[in-house]
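Trainee: I have a structure here, written as structure tokens, and I will follow up with some questions on it.
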Amino acid sequence: MAPHLPSIGTRLSHSGYLGTVRFVGLVDGAQGVWLGVEWDDPRRGKHDGVKDGKRYFTCLVPNAGSFIRPSSTVTYGVTFLSALSAKYIELPHGDTSSEKVVLGSSGGAIEVEAVNLDKIRGKLAHLERLREVSLDNECVSQPDPPGDIGRTCPGIRGLDLSKNLISGWDVVASISVELPELRRLSLNQNRLQLPRDLSPDTSAFRRLEELQLNATLSTWAHFREVLTYLPSLKAVELGYNGLRTLQDAHATITAGGYANTTVETLNLDGNELDNFADVCAALHILPTLRRLVLTSNRVAYIPAPPLPTPTQGGADNPAAQAGSSPVRGLRHIALAFNHLASWHDVDALPLWCPALESLTLTGNPLFEDPRQKAYARPYAISKIPSLKILDGATISPKERADSELLYLAHVRKLALSDAERRAEHPQWAALCTKHGASEFLTPAPKQDAQDTLSNRLISVHIYEVARAPPPSLPANELEAFLRDSRADAVLRVLSTMTVRTFRLKALKAFKVPRPQQSAIRLWMVVPDGHFVEMDEEYAGRDLSWWGAEEGMTFVIAGYDQKSTA
């Protein structure tokens, strides 16, 4: 009996490898009929459909194809219910009340006696009670006769059909149409053809809220077409699909294409996207999007959004510019492990997403460069006023205040004109106003041209107080707080001195006993009355990094003088 010959697009399994039939027919120089297969795992392939200079088929992934003979060892899959029954129904073992069971985690070393396993098998065999079902890698390829699935397991709410032999969305719809409670569907590692026979008002996915299409080689255009059948979708994953651009959808969007008003989360993790503006333009079809994951892509540059038209307020109006952004509703963006290396990229984010609340940036050159790593987090916090969480860590009010004050001190030390400072640091003026540091808006005093040691020394006033200071004090209370100090001293120090060395100099000046020195804490008092603690994490940074300059005030506290009397 001649082996069954599949049609083009049929999915198959052979020797443990899954693939898609791309060619059926004769091959020059070889006898008989051959199947040209594109394998899901490219390592199984030998070419991309070309043999002896002649192309027989084309692969989506280079060198993922090969020819095989049709044979009985090739499997074309089973129906949904066949796979379900095989996994979830185990036949009773008879009248035996107890059975020997080998614990899988013991590697066969532990055997125990189990009682009434048939009773447990009987409970699991009630497929109508199933709510969460995983048929991952079970060779599912086709639905069952109409009505069978609905009668057998109508209560399924979550279904995993990843890594199977499903050839297209029509097959998926024939299964899901009989699962009226379906909310979550995973189709990862399948190769799905676009729907051919689906009606736009199909009930197959009417309640589906979460969809996973990771590693399916789905294009953005493919997803957009499928989206029209998913009226309730809230979250979708399109990771590891080799996406390099979403531009194929842009032309349709600008022409007034379909817009979805339910999707809130989009995961594009592990693709090859490198154009942030292109991605944002394509997301115009998802106006309700709130969370975007672009982790492990190739984004290296974030420009400002397109300039608004004069009727929108003009190019010099940041609010109007944000209003022209197609992703202005985003609250959460994951940009970890991309190629961002400039602070201008971070400056642009609030223009795209004025209400941004959480952000991940770890793994980018900007955050991994040893020269910037120490102050990367406070800089990022200062540049995005709406941010509440950075790299998974909540930003407390104190951390924000300290970060912004540190940032202000840094920027003021730069050799920039006022116009250059405002252009290079968009949050500069707003932060100065916020912290009442209007004197920061005037240029920092110029350094003496003669570079002698005495010219590079600065005088700072340091106070020893009895208790840790509050986060900030108004001017009159600050003066009283310092007046009540135990002692004070004026020190001449180099601005290039590290905080650790400066701390030791202060301890020596106040003769703090060695056993109690580890308990001492150090604060810098900034002009607006805030106390910024110079903790051990940044003790290796020099005083100029903290913005220390002539006449600055410092405070130490943390030990009991009575115990040393």
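No lab work stands behind these numbers, since they all come straight from the coordinates. Computed from a predicted model, the values in this text were never measured in an experiment. Positions of Cβ are backbone-derived with ideal geometry, glycine not excepted, and every protein chain shown enters the neighbour counts.
Trainee: Using θ = phi - 60° and the Karplus relation 6.51 cos²θ - 1.76 cosθ + 1.60, list the HN-Hα couplings for segment 59-68 in order, rounded to whole Hz, with x at every Gly or Pro.
Mentor: 9, 6, 10, x, 6, 9, x, 6, 9, 9
Trainee: Compare the peptides 509-520, 40-51, 133-144 by average per-residue count of other Cβ atoms within 10 angstrom and give them in order, highest first.
Mentor: 133-144, 40-51, 509-520
Trainee: Dipole size in debye (nearest 20) for segment 31-82 around its Cα centre, Lys and Arg Cβ +1, Asp and Glu Cβ -1?
Mentor: Approximately 180 debye in magnitude.
Trainee: Using 7 Å Cα-to-Cβ label points, what is the residue 128/residue 500 separation (nm, one decimal)?
Mentor: That separation, rounded to one decimal, is 7.2 nm.
Trainee: How many nm is it between the label spots at residue 391 and residue 423, if each spot is 7 Å from the Cα in line with the beta carbon?
Mentor: Taking the simple label geometry, residue 391 and residue 423 are separated by 3.1 nm.
Trainee: Per residue of segment 195-208, what does 6.51 cos²θ - 1.76 cosθ + 1.60 with θ = phi - 60° give for ³J(HN,Hα)? Whole Hz please, x for Gly and Pro, Karplus curve as stated.
Mentor: Values, residue by residue: x, 10, 10, 7, 7, x, 9, 4, 8, 4, 10, 5, 10, 5 Hz.
Trainee: State which entries of 373/413; 383/505; 373/398 exceed 29 angstrom in Cα-Cα distance in the structure shown.
Mentor: Violating the 29 Å Cα-Cα cut-off are 383/505.
Trainee: I need the phi-derived Karplus couplings for segment 465-480: 6.51 cos²θ - 1.76 cosθ + 1.60, θ = phi - 60°, integer Hz, Gly and Pro marked x.
Mentor: 10, 7, 9, 5, x, x, x, 7, 9, x, 4, 5, 6, 5, 4, 5
Trainee: Give me the one-decimal nm value for the distance between modelled label points at residue 344 and residue 550, 7 Å along each residue's Cα-to-Cβ direction.
Mentor: Label at residue 344, label at residue 550, 3.5 nm between them.
Trainee: Take peptides 361-369, 476-484 and line them up by average Cβ neighbours within 10 Å, highest first, as a rough protection proxy.
Mentor: Going from most to least packed, we get 361-369, 476-484.
Trainee: Further question: Going by average Cβ density within 10 Å per residue, which order do the peptides 219-227, 535-543 take, highest to lowest?
Mentor: My ranking of the peptides, most packed first, is 219-227, 535-543.
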